[in-house]
Amino acid sequence: MYGCVDNGLVFISVTQAERLAGIYAALGSARTWGEFRKILPNRVYSEIINILIENGRGFDEFYSDWIDEHPEGTREEAFREYQGLPFRERLPDERDPFDSADIPGFCDGDWPDWPQQEMLNRYRQ
């Protein structure tokens, strides 16, 4: 598949183009994280969750800090406290309002990949 981007031709596979189109459709229409998850192409949501976990929003990291402060506490107690955290300090819940700016790298242009990046990555192999 090809298209004109910034006065140049870009060639990417149909699969890559469909994936990017699906991501941008979800970014533009989802109002909650649950809607976002349902609209996204396969495996993209899990990629985003992994990015959020790498950025310190996962339960396991929270729990390891929490148990140090609450040695007699249970994992269930920690999870309830984790769920009560403000959204930007935990992983998203299905009902949380969706804002693409909450995805690390989106506002910087690092996620999702650009068609130009996809093309260069493909032809470097």
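The values are calculated or read from the model by the stated rules, or taken from the named source; none is laboratory data. This one's a predicted model, so the numbers in the text were calculated from it and none came from an experiment. All Cβ positions, glycine included, derive from the backbone under ideal geometry; neighbour counts span all protein chains shown. The area values use the complete protein model at the heavy-atom level, side chains included, leaving out ligands, DNA and RNA. Shrake-Rupley method; radii C 1.70, N 1.55, O 1.52, S 1.80 Å.
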When only residues in the range 8-36 that are closer than 17 Å to Ala101 by Cα and among the β-branched types (Val, Ile, Thr) count, which is surrounded by the fewest Cβ atoms within 10 Å (Cβ to Cβ)?
-> Thr32
The lone condition Glu77 fails out of (1) open to solvent by less than 60 Å² (accessible area, probe 1.4 Å); (2) over 13 Å from the mean Cα position of the chain (by Cα) is (1)
Output the residues belonging to the range 49-60 that are surrounded by 14 or more Cβ atoms within 10 Å (Cβ to Cβ) and either without any contact (Cβ under 8 Å) to a residue 60 or more places away in the chain or not in a helix (DSSP H, G or I) (or both).
-> Ile49, Leu52, Ile53, Arg57, Gly58, Phe59
Taking the range 80-105 and keeping only residues that are assigned to a loop (DSSP other than H, G, I, E, B), closer than 16 Å to Val44 by Cα and open to solvent by less than 30 Å² (accessible area, probe 1.4 Å), one is left with Pro92, Phe98, Ile103, Gly105
Does any residue of the range 40-48 turn out to be open to solvent by 90 Å² or more (accessible area, probe 1.4 Å), free of Cβ contacts under 8 Å to residues at least 60 places away in the same chain and assigned to a helix (DSSP H, G or I)?
-> no
Of (1) within 14 Å of the chain's Cα centre (by Cα); (2) hydrophobic (A, V, I, L, M, F, W, C); (3) open to solvent by less than 60 Å² (accessible area, probe 1.4 Å), Val5 satisfies every one except (1)
